Amino acid sequence: MNKQAYIEGYLSKEGKKKPTTKKGKQDKMHTVMSEYKAGTLRSGSKDGPKVTSRQQAIAIGMSESGQDKEAKDPEGGVAGAMHPTAGENAPPGVQHEISNYREMPSNYREKMPLLYHLLGEGTPDYKMSKEDAQYAEQTPVKGQTCANCKYAYQNVPGEDYICSKIEGHIEPQAWCKLWAPLEE
């Protein structure tokens, strides 16, 4: 395999051309995520470390299927960009929030990925209130905190936490009745 072609992203790790059809890209993502779930997905090479992060597995899948270079920001960069059909089959409230996100200034989209925008305060209709989730600022259960819950996400540029299940920002030391362990 031509190493330069691999570096430039023209060929996948296996030396084959990246998929060009929607079905091919979906199949590649399915293959990568299946490897991740089976615990056989590795980073870098076949001898590299096992991938333990779902986000890293998604990034690898998007890279290997060529989806990481598709969507371009109208102002030239990829930061804050998204696929033109993002949210096409989503509920109307989510479609509305995606539409709002597309109209945000590029500096906002660079700092706030679509996922964080949607999981944050953008879609309260689809999230439980803190009161209903029995959210507590300090955990009453030893070893269970928002920081080690599978529903919590840290927005690295802002260093704040959001939850895919409850409204608003959350604290890493907090807890709620929806707590679930991180998947390994």
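Of everything in the stretch 105-146 that's among the aliphatic types (A, V, I, L, M) and exposed (fewer than 15 other Cβ atoms within 10 Å of the Cβ), which residue is modelled with the highest pLDDT?
If we take residues in the stretch 105-146 being among the aliphatic types (A, V, I, L, M) and exposed (fewer than 15 other Cβ atoms within 10 Å of the Cβ), then V141 is modelled with the highest pLDDT.
Restricting to the stretch 20-64, count the residues that are in contact with a Pro (Cβ under 8 Å, 6 or more places away or on another chain) and under 29 Å from C149 (Cβ atoms).
Here the count works out to 2.
Condition first: over 27 Å from N107 (Cα atoms) and touching a Phe, Trp or Tyr at 6+ places or on another chain (Cβ under 7 Å). Now tell me which residues in the stretch 128-164 satisfy that.
Within the stretch 128-164, A136, T139, P140, V141, Q144, T145, C146, C149 qualify.
For the stretch 2-35, what are the residues that are hydroxyl-bearing (S, T, Y), surrounded by 14 or more Cβ atoms within 10 Å (Cβ to Cβ) and at pLDDT 85 or above?
T31
Applying the selection to the stretch 36-47, what residues are within 20 Å of the chain's Cα centre (by Cα) and touching a residue at least 12 places away in the same chain (Cβ under 8 Å)?
Y36, L41, S43
So in the stretch 147-163, with the set limited to residues that are assigned to a loop (DSSP other than H, G, I, E, B) and modelled with pLDDT under 85, which one is surrounded by the most Cβ atoms within 10 Å (Cβ to Cβ)?
The qualifying residue surrounded by the most Cβ atoms within 10 Å (Cβ to Cβ) is G158.
So for the stretch 146-166 (the condition being more than 19 Å from S53 (Cβ to Cβ) and polar (S, T, N, Q)), does at least one residue qualify?
Checked against the condition, which is being more than 19 Å from S53 (Cβ to Cβ) and polar (S, T, N, Q), the stretch 146-166 yields no hits at all.
Need the failing condition index for K46 against (1) within 23 Å of A152 (Cβ to Cβ); (2) modelled with pLDDT under 80; (3) out of contact with any Lys or Arg (no Cβ under 8 Å at 6 or more places or on another chain), just the number.
With (1) within 23 Å of A152 (Cβ to Cβ); (2) modelled with pLDDT under 80; (3) out of contact with any Lys or Arg (no Cβ under 8 Å at 6 or more places or on another chain) applied to K46, the lone miss is (1).
The values are calculated or read from the model by the stated rules, or taken from the named source; none is laboratory data. Predicted model only: the values in this text are computed from it and were never measured. Using ideal geometry, Cβ is built from the backbone for each residue, glycine included, and neighbour counts are taken over all protein chains shown.
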